[in-house]
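The values are calculated or read from the model by the stated rules, or taken from the named source; none is laboratory data. Just so we're clear, the structure is a prediction, and the values are computed from it rather than from any experiment. Cβ atoms come from the backbone with ideal geometry, glycine included; neighbour counts cover every protein chain shown.
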Amino acid sequence: MDVPFQALKYVLTPENSDPQKPRYEPYGIVVTKKCGYEHGCRPVLYLSNEETLNLRIPADELWRVVRFEVTAEGWISWQHEREWRCRGNFELPVKIPAVLVRTSAEAADLSERLAGDPPYRCKPRSVIPLNVICQGLLS
């Protein structure tokens, strides 16, 4: 997702992050757009089924298309995710700007683990608790 930090509270709502049936988990890895782009990531294309056909999107590029429709039943829209994708696997760089965790307690725990010589292939420069960014919603 390319969601600004201040907007995460609108994505990670209690309904969307219900532990019994979560749409989104309150964890993430932050990479820059430049890094993603250099590794083949691209913003998705939000298109209706008709537009996808009319634009003749090649089959090998359909991994970038996300359905966007307005029907009599309502909207089919994932635009709020501002999603980027890459074809195949995305290999994380050795150094990443940050990771996102649910709570301040989890941030402290992970920071402590990272302070030693962790067996992780990549190491974040910071650990950010989402309950702070989301103003306490994920406590």
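Let's see how each residue does on (1) assigned to a helix (DSSP H, G or I); (2) crowded, with 16+ Cβ neighbours inside 10 Å; (3) outside the structural domain of GLY36 (by TED's automatic domain parsing):
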position: ASP60; (1), (2), (3): yes, no, no
position: TRP63; (1), (2), (3): yes, no, no
position: VAL70; (1), (2), (3): no, no, no
position: TRP75; (1), (2), (3): no, no, no
position: GLU106; (1), (2), (3): yes, yes, yes
position: LEU110; (1), (2), (3): yes, yes, yes
position: PRO118; (1), (2), (3): no, no, yes
position: ILE128; (1), (2), (3): no, yes, yes
position: ASN131; (1), (2), (3): yes, yes, yes
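Evaluate the range 77-89: report whether one residue or more is touching a strand residue (DSSP E or B) at 6+ places or on another chain (Cβ under 7 Å), part of a loop (DSSP other than H, G, I, E, B) and in contact (Cβ under 8 Å) with a residue 60 or more places away in the chain. Yes, the range 77-89 contains a residue that is touching a strand residue (DSSP E or B) at 6+ places or on another chain (Cβ under 7 Å), part of a loop (DSSP other than H, G, I, E, B) and in contact (Cβ under 8 Å) with a residue 60 or more places away in the chain.
Annotation: CYS122 fulfils all but one of (1) at pLDDT 95 or above; (2) under 21 Å from PHE90 (Cβ atoms); the unmet one is (1).
Among residues of the range 106-128 that are of a type in the set (A, V, I, L, M, F, W, C), those with a beta-carbon under 9 Å from a residue that is surrounded by fewer than 10 Cβ atoms within 10 Å (Cβ to Cβ) at least six positions away or on a different chain give the pairs CYS122/VAL94. Annotation: of all residues in the range 1-28 being under 16 Å from VAL101 (Cα atoms) and hydroxyl-bearing (Ser, Thr, Tyr), the one that is surrounded by the fewest Cβ atoms within 10 Å (Cβ to Cβ) is TYR27.
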